[in-house]
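A short worksheet on the structure shown next.
The values are calculated or read from the model by the stated rules, or taken from the named source; none is laboratory data. Just so it is clear, the model here is predicted, and its values are computed rather than measured. Glycine also receives a Cβ, built like all others from the backbone with ideal geometry; neighbour counts cover every protein chain displayed.
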Amino acid sequence: MRQPELSTAPRSQTRGATFLARFVSGNLRDSELAILLLAPSVVLLVGIMLYPMLNVFLMSLRVQNTLEPSMVTTGFENFSRLLADKRFLDAFTRTIWFGFLTVTGSFLIGLPLALLANLETGWRWLVRVALLLPWAMPQIITGTMFAWMFNSQYGVFNDILVRLGFERIYWLIRPDSATVAFVLTVIWKTSSFVALILLGGLQSIPLELSEAAQVDGATSTQVFWRITLPLLRPAIAVALIFRTLSALQVFDIPYAFMSAGASQSLETLGVYVQKQTVEFTDFGYGSTVSLGLFALSLVITVIYLRFIRPEES
């Protein structure tokens, strides 16, 4: 009896031919189909995220001479300089403080706005349209507009104060008042974004739950604290994560305020990176500051995902 001939082709080649045959016939396995569908996204993420991040890290290890195009390798000297840079540490602390104030304020205002937009009234469409306007406006336009409104000489807010018999406030000159003006501007800009995310979460909550609770004698306050708010936790977590990341990386509004004459007290990490790379043309150290901003954003995100995200069922 003749023995069957054994295939001398390598196993990997055989597997490749089998995969190609399944691909042509359209009978791919679930795992193979998943890999093919995810491959374009992975390539895109590598191209637009991983490669730029690696390039920034390599640039942070170098110093570029503004007079000569050559790059001189310095190792981790820029990181040592970063830890000893008082201006960076001030911007770092200021960014965290501004982030805490603006994220808290936008959530405390965004939640009532979302509840108002979710009411079954004939005017809720008007509330939803009003929520879109601040969110859709570019941040640099928002910063320029509010910088004009907070102007000490001809600003709208000082004009109202003078008409009411109060003294002028030098909003953008003094550090304390500049901080108040900046925080109010960011809250006005971002509370609508929080409200839109929370509104989506409210729309996903079944109405039958609150109706059943009210039939059992629960008040509106009890329904909110015991049904609505717990079920809204996933949307709250998403809103806080996105809002915190944007607060840590804010650039446009403080840059517009400082261009209008605001004090140095509004210099955030985003503004400091821009000054190092554009004004001082220190691309190596600017890249190092960017990595510091990235590390801060990463740590805050991990904290949110670890302690604030809703528990998986």
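Here are a few things to note about the model shown:
- Output for the range 179-209, where each listed residue is of a type in the set (Gly, Ala, Ser) and either outside the structural domain of ALA117 (by TED's automatic domain parsing) or in a loop (DSSP other than H, G, I, E, B) (or both): SER204
- Any hit, the range 180-198, residues being surrounded by 14 or more Cβ atoms within 10 Å (Cβ to Cβ) and either modelled with pLDDT under 90 or farther than 23 Å from ASP252 by Cα (or both): yes
- Filtered by the rule that a residue be crowded, with 20+ Cβ neighbours inside 10 Å, in contact (Cβ under 8 Å) with a residue 40 or more places away in the chain and either aliphatic (A, V, I, L, M) or not in a helix (DSSP H, G or I) (or both), the range 237-266 gives ALA239, LEU240, ALA247, LEU248, VAL250, ILE253, ALA256, ALA262, LEU266.
- Residue match in the range 219-234 (condition: under 30 Å from ALA262 (Cα atoms), in a helix (DSSP H, G or I) and among the aromatic types (Phe, Trp, Tyr)): no
- Within the range 214-229, tally of residues that are over 33 Å from the mean Cα position of the chain (by Cα), surrounded by 12 or more Cβ atoms within 10 Å (Cβ to Cβ) and aliphatic (A, V, I, L, M): 1
- Among the numbered conditions (1) assigned to a loop (DSSP other than H, G, I, E, B); (2) under 29 Å from PHE100 (Cα atoms); (3) touching a Ser or Thr at 6+ places or on another chain (Cβ under 9 Å), the only one that SER152 does not meet is (3).
- Filter result for the condition that a residue is in the same structural domain as ILE253 (by TED's automatic domain parsing), of a type in the set (D, E, K, R) and under 30 Å from ARG94 (Cα atoms), over ARG174, ARG128: ARG174
- Cβ-Cβ distances below 7 Å connect the following pairs, each with a first residue in the range 211-229 that is assigned by TED's automatic domain parsing to the domain that holds GLY110, a second residue that is assigned to a loop (DSSP other than H, G, I, E, B) and surrounded by 11 or more Cβ atoms within 10 Å (Cβ to Cβ), and a separation of six or more residues or different chains: THR228/ILE205.
- Reported count of residues in the range 267-313, each being within 17 Å of LEU58 (Cα to Cα), at pLDDT below 85 and surrounded by fewer than 17 Cβ atoms within 10 Å (Cβ to Cβ), is 1.
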